[in-house]
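The values are calculated or read from the model by the stated rules, or taken from the named source; none is laboratory data. Predicted model, so just to flag it, every value in this text is computed and none were measured. Here the Cβ positions follow ideal geometry from the backbone for every residue, glycine too, while neighbour counts run over all protein chains shown.
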Amino acid sequence: MVLLLLLVALVIPLGLDLYMPVPEANPMTAEKIELGRRLFNDRRLSRDESTSCVTCHDPERAFSTDRPIAVGLLGRVGRRNAPALINRGYGRAFFWDARSSSLEDQVLKPIQDPNEMDLTLAEATSRVGLDSTTMSQALASYVRSILSGNSPSDRFINGDRAALSMEQQAGLQIFRGKGNCTACHVGPNFSDEKLHNTGVAWRPHAEAGGSGLGAGVSGLQAGAGLFADLGRAAVTGLDADRGAFKTPTLREVASTAPYMHDGSVPTLDAVVEFYSGGGRSNPNLDPEIHPLHLTATETQTLIAFLQSLSGAIREGVR
Amino acid sequence: MRFRLTIVTLAIVAMVGFVAAEQSDAARTMMEAARKTEVVDGDLKGAIQQYKTIVDRYKTDRAVTATALVQMAECYQKLGDAESRKIYERVVRDYADQKEAVSVARAQLGRTESAERAGGMSSRQVWTLPPSGTIDRVTVSHDGRYLPYTDWAVPRGNGELFLHDIVAGANRRITNDVEKFGQEFVEEATFSPDDTQLAYALFNKDHYELRIIGVQAPPASHPRVLFSNSEVPRIFPGDWSADGKWLAVQLQRKDKTAQIGLVAVKDGSLRVLKSVDWRGSSNLFFSPDSRYLAYDLPTTDTGNRRDVFVLAIDGSREMPAVVHPSHDVLMGWSPDGRRLLFTSDRTGSTGLWALAFVDGKPQGTPEQIKVDVTGNSMGLTRKGTLYSLVHHSNFTGVVRSDIQVAAFDFAKGQFLSTPGLAVQTFVGANNFPAWSPDGKYLALLSRRGREDTVIVILSHATGQLRELQPQLTIYVGGAALRWSPDGLSLAIQATDSKGRQGIFRIDATTGEATPIALSSRGPVGGESFIGPAWAPDGKRIYYNRINRASEGAFTAIVERDLSSGNEKEVIRRSGRTPFWDLSPDGKYWVVADGDFVRGGPIPGRAGKWNVLLIPASGGEPKELMRGESQGGGVLMWAPDSHSIFVYSIKDEFTGDREVWRVAIDGTEPQKLGLNVNFLGPLYNSDQQFHAHPDGKRVAFAATEPAKPDEVWALENFLTTLSAKK
């Protein structure tokens, strides 16, 4: 049963729900959040003590990284881009493939991932002198405390008509209308918390490099190729889930480049161009993705609006 | 040979008899064992398991099964578990041939109702709304004397807020906000704790506002605008906290996100508590101590079943209160705050239930208070009387609707045979017939409960019915269903799981829905798309784009190329134009235009109307007919596309219609003796007739107009509950 039990008063910024779901078994306390913060920055949680959570989730970049693919200890390269950790307390699914259903479960995975921190849980708990439940609960509590809101967009929607420029207001219209962005980027956190195939992982045969991660799809006219990353299908085993990834938040999106699950799109301009062109055609392309034919002006206004989603980031009990 | 066969037959009969006797003995033994567990050991749960085993093992022995079910129900009854009622109902429904068991079950079911009466519980009708009155999520005054409602009569009502005085039987106008009828109106309303003020939602031509007004008469005080934000197109109050400080509200953002929140009565500031599914909660009710807010939410993206939740108003925690596979809808709190009240269909019929709420938490299992309740909650009074609104319509404006088919002479415009019922299931819930292009199938919309609509396809060759359940919300009032020319799919106007209105294609085999065109329509305002029609080549689709902007409202016919997605407007007309219909050969549009809208005549206008013919490729409309009317529309095209059958309303109160056959070659329109008054309300009339492609038959929906809505009060049910405890 999921309940919120906030024993500590987090300041919820404008634009976010006052209610944040927190497991009954892990009520938030100031002590736990502080412990979580220390663990988040603790390099002892990596085998060679070189890497901590903050290595890939940089507070200066809305708790994301500027590297396309996360780089862990000893320069090991992971599989995907490290996503922004803001407002994850409102999340319902975690990791790009939604393989975790709780933050308590999610936060321990990178510690054990050979390409990230490469420790067994036993080693990790021994190093920091805490049991795994305490570690998990503290890290999850800290991540829940990382909040972004009170952006110009929030202030505009709350009635401050001067909070967005005319260009940004025009971009908001594109965002909700012709851009069809709200098909997935919806709600206070600009994410439906669901998984969609936009074609980012699709490699037509001509481009396919044989990464070994994906699985080929043949016999499809004008679409034969492979998925460089199976996405959700790696969890479910379902063909229909191939190439599907969770919708990321757009809050602070201006400072979380590069974009997409593989960090393959370097700029917001390129992201908008990708969607304006209809994503990348593949057998599982989400029906919401279709060519938008945005004009240069529309693209510019949409990007201006996306930049208005940067607000104030809070973390911890402060 | 015959001798051997007889021997074998006798042997088999004997064996069957022996096996049956053996089975019967075994069943009897098991029944006796279960009875012992129940009566001697007093182990009711153990006995239930034994009865279940008997039911499973002797499925084919109806006498044994029925008896075991009755015994099982008795055990549940002793445990106070509502499952007992469900089982008794099952026995009555499924074992009519087992008279003794049915008799016992009936008696037990009757006893439950008697117990309600013995407890002093009573249900009475307190008011029938005037025909021009509607109630949409309002709460009764805390003293139980006043009921807010909206009156739409012109000029008396104008869409303003009224109060009905239950004691005096009088109605009194409260607001004076509406400047332009039809474009401004009042809807939801809730009383302040001292019953001196009402908070209500006013649609101000662009978006909804929250307003507060005093109800002392005369005169009503000037309203205070508490909340108005064009970025929040929809907001309405659900309840007023007992401390007077907060209004519980529901709102919807422009991205279709619905939210539950609090608006401070002092300064109108909004505190969003929780973002939810676009469909929101049926009701919002504060706990009597104002510390908690209860609501219900859909459990899936597409289904309409709901569960009930309680949220601390400081946002600190949410408690799932009623989580069950059944459809559970919040009704309110008991005045002492110790019970949460809800309706549930968990026993097969909808009943009123209570769940204990102690020390800030839901406790125990729910207890059934009353069987067979209907209506939407209007809240409880201080004394604990529950008021509810009972709708009599299955869907918009009609109480029942059925598809009939008859031979029809399109040249003379008359029936050639007595209409016969086309679909004999879900009688009274079927609407909007559409023949497939080859005439072999008849598709229609069929209601399931108050909120679900499915598409039913009837095969004329086999008589078989297939149901399609697209993951869409289909609003039946004004829905259009049309087959694609290749007969593989259907087009309909609907709303998807993301709350987006538009035109959707539905696979006629799988029911899978894909959007064709999505409108910008939000909770209010914006454009909406209705009335899809296929071009004969199947490569293009047309729909009506309706813009209801207060200034510059228009209707346009849009042609969309299905392969490229390119669109062009065929024609645009200013004002509020009713439904347009495309000829079967795809060459012409016809529209009935004039001083009326889809819901009736425009107040104060002359009642002029005309029938216009418009080339499908665009061009100037040609007037085919003109006259005076209080409304009208297109009944159907003749299959040869040479004439149109139109109706005009002669009397808006009785709905009496005249039907005309109008030839497109401009010859004099012909008034027919065809009686189509069974079509029900004007706004439910369009697209209710559909000509068979063979030109010899017609399918249509015969409707029965709904009775006015009623308000009922349930009294003394909490006493009954306490007595049970």
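Okay, residues lined up against (1) within 9 Å of chain A (Cβ to nearest Cβ); (2) among the polar types (S, T, N, Q); (3) not in a strand (DSSP E or B):
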{"residue": "B:250", "(1), (2), (3)": "no, yes, no"}
{"residue": "B:263", "(1), (2), (3)": "no, no, no"}
{"residue": "B:288", "(1), (2), (3)": "no, no, yes"}
{"residue": "B:309", "(1), (2), (3)": "no, no, no"}
{"residue": "B:315", "(1), (2), (3)": "yes, no, yes"}
{"residue": "B:330", "(1), (2), (3)": "no, no, no"}
{"residue": "B:336", "(1), (2), (3)": "no, no, yes"}
{"residue": "B:341", "(1), (2), (3)": "no, no, no"}
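Within the range A:99-119, residues that are without any contact (Cβ under 8 Å) to a residue 40 or more places away in the chain sit with their Cβ atoms under 6 Å from residues that are surrounded by 16 or more Cβ atoms within 10 Å (Cβ to Cβ) and not in a helix (DSSP H, G or I), at 6+ positions apart or across chains, in these pairs: A:100/A:94; A:106/A:94; A:106/A:100.
Being in contact with a Leu (Cβ under 8 Å, 6 or more places away or on another chain), free of Cβ contacts under 8 Å to residues at least 24 places away in the same chain and of a type outside the set (Lys, Arg) narrows it down to one of B:261, B:268, B:315, so name that one. Being in contact with a Leu (Cβ under 8 Å, 6 or more places away or on another chain), free of Cβ contacts under 8 Å to residues at least 24 places away in the same chain and of a type outside the set (Lys, Arg) holds for just one of B:261, B:268, B:315, which is B:261.
Which one of A:303, A:289 is of a type in the set (A, V, I, L, M, F, W, C), crowded, with 18+ Cβ neighbours inside 10 Å and within 14 Å of another protein chain (Cβ to nearest Cβ)? Matching residue, one of A:303, A:289: A:289. For the condition free of Cβ contacts under 8 Å to residues at least 24 places away in the same chain, surrounded by fewer than 21 Cβ atoms within 10 Å (Cβ to Cβ), under 30 Å from residue B:531 (Cα atoms) and not charged (D, E, K, R), what is the one hit in B:356, B:406, B:411, B:422? Every option except B:411 fails the conditions. Of all residues in the range A:104-127, none are within 14 Å of another protein chain (Cβ to nearest Cβ), under 20 Å from the mean Cα position of the chain (by Cα) and outside any loop (DSSP other than H, G, I, E, B).
Go through (1) crowded, with 17+ Cβ neighbours inside 10 Å; (2) within 14 Å of chain B (Cβ to nearest Cβ); (3) among the aliphatic types (A, V, I, L, M) for residue A:25 and report which single condition fails. Of the numbered conditions (1) crowded, with 17+ Cβ neighbours inside 10 Å; (2) within 14 Å of chain B (Cβ to nearest Cβ); (3) among the aliphatic types (A, V, I, L, M), the odd one out for residue A:25 is (1). Select from the range B:585-596 the residues that are modelled with pLDDT of 85 or more and buried (at least 18 other Cβ atoms within 10 Å of the Cβ) and list them in ascending order. Of everything in the range B:585-596, those that are modelled with pLDDT of 85 or more and buried (at least 18 other Cβ atoms within 10 Å of the Cβ) turn out to be B:586, B:588, B:589, B:590. A single entry from A:42, A:17, A:48 fulfils the requirement of being over 18 Å from residue A:136 (Cα atoms) and either within 11 Å of chain B (Cβ to nearest Cβ) or in contact with a Ser or Thr (Cβ under 6 Å, 6 or more places away or on another chain) (or both): A:17.
Say we look at the range A:28-51 and pick out the residues that are in contact with a Leu (Cβ under 6 Å, 6 or more places away or on another chain) and surrounded by fewer than 22 Cβ atoms within 10 Å (Cβ to Cβ); which of these is farthest from residue B:260 (Cα to Cα)? I'd like the intermediate steps shown before the answer.
So in the range A:28-51, the residues in contact with a Leu (Cβ under 6 Å, 6 or more places away or on another chain) come out as A:28-29, A:36, A:39, A:46-48, A:50-51.
From what's left, surrounded by fewer than 22 Cβ atoms within 10 Å (Cβ to Cβ): A:29, A:47-48, A:50.
On the way: A:29: 26, A:47: 46, A:48: 48, A:50: 45 Å.
So the residue we want is A:48.
Is it true that residue B:209 is part of a strand (DSSP E or B), of a type outside the set (Gly, Ala, Ser) and within 14 Å of another protein chain (Cβ to nearest Cβ)? Criteria met by residue B:209. Of everything listed in (1) at pLDDT 95 or above; (2) surrounded by 18 or more Cβ atoms within 10 Å (Cβ to Cβ), the single unmet condition for residue A:180 is (1).
Is it the case that some residue within the range B:545-566 is touching a His at 6+ places or on another chain (Cβ under 9 Å), at pLDDT below 90 and not in a strand (DSSP E or B)?
First pass over the range B:545-566, keeping only residues touching a His at 6+ places or on another chain (Cβ under 9 Å): B:565.
This time we only want the ones that are at pLDDT below 90, so: B:565.
Within this subset, residues satisfying the condition of being not in a strand (DSSP E or B) are B:565.
The answer is yes, given that some residue of the range B:545-566 is touching a His at 6+ places or on another chain (Cβ under 9 Å), at pLDDT below 90 and not in a strand (DSSP E or B).
Counting the residues of the range B:490-501 that are surrounded by fewer than 21 Cβ atoms within 10 Å (Cβ to Cβ) and of a type in the set (S, T, N, Q) gives 1. When the range B:384-405 is filtered for residues that are farther than 30 Å from residue B:463 by Cα and either modelled with pLDDT of 85 or more or assigned to a strand (DSSP E or B) (or both), the ones remaining, listed by number, are B:384, B:385, B:386, B:387, B:388, B:389, B:390. Condition test on residue B:158, is it outside any strand (DSSP E or B) and surrounded by fewer than 17 Cβ atoms within 10 Å (Cβ to Cβ)? Against the criterion (outside any strand (DSSP E or B) and surrounded by fewer than 17 Cβ atoms within 10 Å (Cβ to Cβ)), residue B:158 does not qualify. For the range B:615-628, the condition of being buried (at least 22 other Cβ atoms within 10 Å of the Cβ), at pLDDT below 85 and not aliphatic (A, V, I, L, M) holds for none of the residues.
Considering only the range A:268-279, state which residues are buried (at least 19 other Cβ atoms within 10 Å of the Cβ) and either outside any helix (DSSP H, G or I) or small (Gly, Ala, Ser) (or both). A:279 - this is the single residue of the range A:268-279 that is buried (at least 19 other Cβ atoms within 10 Å of the Cβ) and either outside any helix (DSSP H, G or I) or small (Gly, Ala, Ser) (or both). Residue-level check: of (1) away from every other protein chain (no Cβ under 14 Å); (2) more than 27 Å from residue B:342 (Cβ to Cβ), residue B:244 misses just (2).
Screening residue B:236 with (1) out of contact with any Ser or Thr (no Cβ under 8 Å at 6 or more places or on another chain); (2) more than 14 Å from every other protein chain (Cβ to nearest Cβ); (3) modelled with pLDDT under 95 gives one miss only, at (3).
Of the residues making up the range A:151-185, those that are in a loop (DSSP other than H, G, I, E, B), under 16 Å from residue A:14 (Cα atoms) and within 13 Å of chain B (Cβ to nearest Cβ) number 6.
When only residues in the range A:61-72 that are surrounded by 20 or more Cβ atoms within 10 Å (Cβ to Cβ) and out of contact with any Pro (no Cβ under 7 Å at 6 or more places or on another chain) count, which is farthest from residue A:51 (Cα to Cα)?
Initially, the range A:61-72 is screened for residues surrounded by 20 or more Cβ atoms within 10 Å (Cβ to Cβ), giving A:62-65, A:70, A:72.
This time we only want the ones that are out of contact with any Pro (no Cβ under 7 Å at 6 or more places or on another chain), so: A:62-63, A:65, A:70, A:72.
Details: A:62: 18, A:63: 15, A:65: 13, A:70: 11, A:72: 7 Å.
Within the range A:61-72, the match that is farthest from residue A:51 (Cα to Cα) is A:62.
Say whether the condition of being in a strand (DSSP E or B), at positive phi and touching a residue at least 40 places away in the same chain (Cβ under 8 Å) is met by at least one residue in the range B:434-441. I'd like the intermediate steps shown before the answer.
Keep residues of the range B:434-441 that are in a strand (DSSP E or B), which gives B:434-435, B:441.
Checking which are at positive phi leaves us with none.
Checking the range B:434-441: not a single residue is in a strand (DSSP E or B), at positive phi and touching a residue at least 40 places away in the same chain (Cβ under 8 Å).
For the range B:266-281, filtered to residues that are buried (at least 21 other Cβ atoms within 10 Å of the Cβ) and away from chain A (no Cβ under 13 Å), the residue that is nearest to residue B:344 (Cα to Cα) is B:281.
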